[in-house]
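Q: After the structure tokens below, expect a handful of questions from me.
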Amino acid sequence: MTELTEIWDLSDTEVFTRYGDVFVPRRHEQMTAVCDLLSGIPIPHVLDLCCGEGRLSEEYLRRNPEGRVTLLDGSREMLDRAVERLAPFGGRHAVREADIEDHAWRQGATYGAVVTSLAVHHLDGAGKRTLYKDIHAMLAPGGAFVMADLVEPTGAAARALAGDHWEQAVREGSLEQFGGDEAAIAFEKSEWNYYRLPGPDPLDKPSSVAEHLDWLREAGFVEVDVVWMYAGHTVFTARRKAN
Ligand SMILES: C[S@@+](CC[C@H](N)C(=O)[O-])C[C@H]1O[C@@H](n2cnc3c(N)ncnc32)[C@H](O)[C@@H]1O
């Protein structure tokens, strides 16, 4: 079993790399839903926004032999890991190191889809609204925006349930994948469960499902929907209208 002192010493990147498959509830199901929603995109080029280790990109490239991805992340360490992961796909990727809040990366490229997982909640409401408008402008007609992320519950009962489900999923995943409570302890000690935090968090600023849906429609998207939700983790889909 990993000692608590070792867990404290890990950076966020190391914690997520080691325990991500447990910390992200039903991660495989989420990634499958995201990639299922990319079928029929008008250009086989996908921007993976805040790609981390490139897990979504890997799944997209595996399914689409003609596909290409652009990996964007603010962490060089994560980008290096993603590039390593995508090595078997023969250079069908480009890399962009950038902050999601910056605007330079939002100019000058057109994609068939933009995907993102567990990152947009770092932006405040105004940042999300602007991001959705910019992503809409970056998509080819008929292009898709698919986002998996934490959402903000609108009441105490929903918050408690999201927290409970997340904790339970992590306990089960820890047992399955680590044969014990190592990942569950890391989850608790790193205070990863947003729904258990006592008050607002300076880094994590999830918005409600209703806000996301409103802001996506306001940005011009059509077919705006929630297709999957568990433990506060939600998959949204939206399309730029085809010409
Ligand atoms: C929780 S991880 C999720 C990674 C990946 N999307 C996944 O689902 O496996 C969050 C990722 O967002 C990146 N990130 C966090 N804040 C960022 C920012 N302000 N700009 C760019 N990337 C950021 C981190 O480096 C990390 O790779």
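Q: Give a residue-ordered list of calculated ³J(HN,Hα) values for region 109-117 (Karplus: 6.51 cos²θ - 1.76 cosθ + 1.60, θ = phi - 60°; whole Hz; x for Gly, Pro).
A: 9, 10, 10, x, 7, 10, 10, 7, 9
Q: Helix-only estimate, please: 222 nm mean residue ellipticity of the chain, summing -39500 (n - 2.57) across DSSP H runs of length 4 or more and dividing by its residues, to the nearest 500.
A: About -13000 deg cm²/dmol.
Q: Then there is this: Kirkwood Rh, the chain, all Cα pairs: how many Å?
A: Result for the chain, one decimal place: 18.4 Å.
Q: Separate question: Given the Cα-Cα distance of T110 and V222 and 0.36 nm per residue of separation, how much length would full extension add, in nm?
A: Result for the pair: 38.5 nm of gain on full extension.
Q: For V209, V120, write out the residues from largest to smallest accessible area, computed with a 1.4 angstrom probe and no ligands counted.
A: V209, V120
Q: I need the phi-derived Karplus couplings for region 34-40: 6.51 cos²θ - 1.76 cosθ + 1.60, θ = phi - 60°, integer Hz, Gly and Pro marked x.
A: Values per residue, Gly and Pro as x: 4, 6, 4, 6, 8, 5, x Hz.
Q: For the chain, give the percent of accessible area contributed by carbon and sulfur heavy atoms, probe 1.4 Å, rounded to a whole number.
A: 49 percent
Q: Can you give the alpha-carbon Rg of region 60-203 over 2.2 N^0.38 Å, where N counts its residues?
A: In units of the 2.2 N^0.38 Å rule of thumb, it is 1.24.
Q: Let me know the volume per residue of the alpha-carbon convex hull for region 1-140, in Å³.
A: Enclosed volume per residue, from the Cα hull, is 125 Å³.
Q: For region 92-212, what is the accessible area per residue in Å² when the probe is 1.4 Å?
A: On a per-residue basis, 45 Å².
Q: With the Cα gyration tensor of region 114-185 giving a ≥ b ≥ c as the square roots of its eigenvalues, does the rule (a/c under 1.5 for rounded; else a/b larger than b/c for prolate; else oblate) give rounded, prolate or oblate?
A: Cα axes put region 114-185 in the prolate bin.
Q: Nearest 5 percent is fine: what portion of the DSSP beta bridges confined to the chain is antiparallel?
A: Antiparallel: roughly 40 percent of the beta bridges in the chain.
Q: Something else: Report the full-extension gain for the segment I43 to A98: residue separation times 0.36 nm, less the Cα-Cα distance, to one decimal in nm.
A: Result: 17.5 nm gained on full extension.
Q: Then there's this: For a quick check of understanding: with a 1.4 angstrom probe and all protein chains in place, what accessible area in square angstrom does H165 have, to the nearest ten?
A: Approximately 50 Å² for this residue.
Q: Starting from 0.36 nm per residue, how many nanometres of slack lie between Y230 and L197 once their C-alpha separation is accounted for?
A: 10.0 nm is the gain from fully extending Y230 to L197.
Q: If you add up the charges near S207, with Lys and Arg at +1 and Asp and Glu at -1, over every other residue whose beta carbon is less than 10 angstrom from its beta carbon, what do you get?
A: With Lys, Arg at +1 and Asp, Glu at -1, the net is -2.
Q: Also, I was wondering about something else. Sorting D149, D21 by accessible area (1.4 Å probe), largest first, what list results?
A: Largest to smallest exposure gives the sequence D21, D149.
Q: At 1.4 Å probe size, with no ligands or nucleic acids counted, give the accessible surface of K205 in Å², nearest ten.
A: Its heavy atoms expose roughly 70 Å² to the probe.
Q: What distance in nm separates the simple spin-label points at S75 and D181, each placed 7 Å from Cα in the Cβ direction?
A: 2.6 nm
Q: Any idea of I43's accessible area? Nearest 10 Å², probe 1.4 Å.
A: Solvent-accessible area, nearest 10 Å²: 60 Å².
The values are calculated or read from the model by the stated rules, or taken from the named source; none is laboratory data. Everything numeric in this text was worked out from a predicted model, so none of it was measured. As a convention, Cβ positions derive from the backbone with ideal geometry for all residues, glycine included, and neighbour counts pool all protein chains shown. The accessibility values were calculated without ligands, DNA or RNA, using every heavy atom of the protein model including side chains. Shrake-Rupley method; radii C 1.70, N 1.55, O 1.52, S 1.80 Å.
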